[in-house]
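Chemist: Sharing a structure here in structure tokens format.
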Amino acid sequence: MKGMIFTEFLELVEDKFGMEVCEEMLDNANDEGIYTSVGSYDHKQLVRLIVELSKLTSVSIDDLQMVFGENAFETLLSSLPVQENLGDSTFSFLQTVEAYIHKEVIKLYPDATPPRFEFHLITESTMVMDYFSSRCMGSVCLGLIRGCAKHFGEQVTVNMNPVAGKQDHIRFEITLV
Ligand code: HEM
């Protein structure tokens, strides 16, 4: 997984929980905490860090993933070299992520494996989006969707249901309020 995801995560932990918790988390996960935004690292190490942070803070793993996603949205967005024609709403932006943004990510970093989305139902107020990823980071996805809605000044409710009981395929039902 790209280092920018790790550096963003460490910054957020320091911001929200302080330097001491951040260092303890790294120690407990046997992690030296040396990440560069252009490097590539095993995504399991991010999962390990989140598990340790959850033990230290008593915040659930899902909630930590969600807050991380919500906060990471603006940084990911500003890392894109092109800022035009990315969509002007939550629904259109999410389609751009699948059709263009994550594809650009793979072109830039051939070792990256962002998730895949499929869109099933799109009306003015509802969108059904399936998330596929062996990394099973559905709660990060939920946070990113919320961060995206915040960016466009839209209020949404998001239902999240694993398909066939597995976390590698999750159905999101997003409704504009
Ligand atoms: C609402 C918008 C977005 C959603 C829902 C989304 C979803 C996700 C999720 C859930 C992951 C974690 C990996 C996984 O689950 O397999 C991910 C990874 C990633 N996304 Fe997105 N994303 C969004 C926007 C963006 C934007 C704007 C960028 C801009 C560069 C971006 C770049 C990346 C990168 C670099 C990774 C790491 C891939 C890797 O290293 O293998 N995403 N995305």
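The values are calculated or read from the model by the stated rules, or taken from the named source; none is laboratory data. Here the structure is a predicted model, which is why all the values come from computation and not from measurement. Here the Cβ positions follow ideal geometry from the backbone for every residue, glycine too, while neighbour counts run over all protein chains shown. Protein only, heavy atoms only, side chains kept; ligands, DNA and RNA dropped before computing areas. Shrake-Rupley method; radii C 1.70, N 1.55, O 1.52, S 1.80 Å.
Chemist: At pLDDT 95 or above and outside the structural domain of H120 (by TED's automatic domain parsing): is that true of L53 in this structure? Talk me through it step by step, then tell me what you get.
Modeler: Values: at pLDDT 95 or above: yes; outside the structural domain of H120 (by TED's automatic domain parsing): yes.
For L53, the condition - at pLDDT 95 or above and outside the structural domain of H120 (by TED's automatic domain parsing) - is met.
Chemist: Further question on the same structure: Can you name every residue in segment 1-20 that is open to solvent by 40 Å² or more (accessible area, probe 1.4 Å) and either more than 18 Å from the chain's Cα centre (by Cα) or more than 24 Å from T113 (Cα to Cα) (or both)?
Modeler: Scanning segment 1-20 gives E14, D15, K16, F17, M19, E20.
Every residue, every condition in (1) assigned to a loop (DSSP other than H, G, I, E, B); (2) within 10 Å of T90 (Cβ to Cβ); (3) assigned by TED's automatic domain parsing to the domain that holds T96; (4) without any contact (Cβ under 8 Å) to a residue 60 or more places away in the chain, yes or no:
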{"site": "R135", "(1), (2), (3), (4)": "yes, no, yes, no"}
{"site": "G143", "(1), (2), (3), (4)": "no, no, yes, no"}
{"site": "R146", "(1), (2), (3), (4)": "no, yes, yes, no"}
{"site": "P162", "(1), (2), (3), (4)": "no, no, yes, yes"}
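Chemist: Between a first residue in segment 4-26 that is polar (S, T, N, Q) and a second residue that is open to solvent by 40 Å² or more (accessible area, probe 1.4 Å) and not in a helix (DSSP H, G or I), which pairs have beta carbons less than 6 Å apart while being 6 or more apart in sequence or on different chains?
Modeler: T7/S37
Chemist: When you check E98 against the structure, is it within 12 Å of the ligand (Cβ to nearest atom), charged (D, E, K, R), closer than 30 Å to G39 by Cα and in contact with a strand residue (DSSP E or B) (Cβ under 6 Å, 6 or more places away or on another chain), yes or no?
Modeler: Yes; evaluated as a whole, the condition is true for this residue.
Chemist: Right, next: Keeping to segment 43-82, report how many residues are over 18 Å from E8 (Cα atoms) and either in contact (Cβ under 8 Å) with a residue 24 or more places away in the chain or part of a helix (DSSP H, G or I) (or both).
Modeler: Of the residues in that region, 3 qualify.
Chemist: Sticking with this structure for a sec: For segment 8-33, what are the residues that are within 16 Å of the ligand (Cβ to nearest atom) and within 11 Å of L46 (Cβ to Cβ)?
Modeler: E8, F9, L10 - these are the residues of segment 8-33 that are within 16 Å of the ligand (Cβ to nearest atom) and within 11 Å of L46 (Cβ to Cβ).
Chemist: Continuing with the same structure: Does segment 29-42 include one or more residues that are outside the structural domain of L144 (by TED's automatic domain parsing), at pLDDT 95 or above and assigned to a helix (DSSP H, G or I)?
Modeler: no
Chemist: Residue by residue through segment 106-132, note down the ones that are open to solvent by less than 40 Å² (accessible area, probe 1.4 Å) and either without any contact (Cβ under 8 Å) to a residue 60 or more places away in the chain or part of a strand (DSSP E or B) (or both).
Modeler: P114, P115, F117, T126, M127, V128, M129, D130, Y131
Chemist: For E70, only one of the following conditions fails: (1) more than 19 Å from A149 (Cα to Cα); (2) among the charged types (D, E, K, R); (3) open to solvent by 40 Å² or more (accessible area, probe 1.4 Å). What is its number?
Modeler: (1)
Chemist: Restricting attention to segment 48-64, and to residues there that are open to solvent by 50 Å² or more (accessible area, probe 1.4 Å) and among the polar types (S, T, N, Q), which single residue is nearest to M160 (Cα to Cα)?
Modeler: Looking at residues that are open to solvent by 50 Å² or more (accessible area, probe 1.4 Å) and among the polar types (S, T, N, Q), I get S60.
Chemist: Consider segment 83-95. How many of its residues are without any contact (Cβ under 8 Å) to a residue 24 or more places away in the chain, under 12 Å from F152 (Cβ atoms) and open to solvent by 20 Å² or more (accessible area, probe 1.4 Å)?
Modeler: 2
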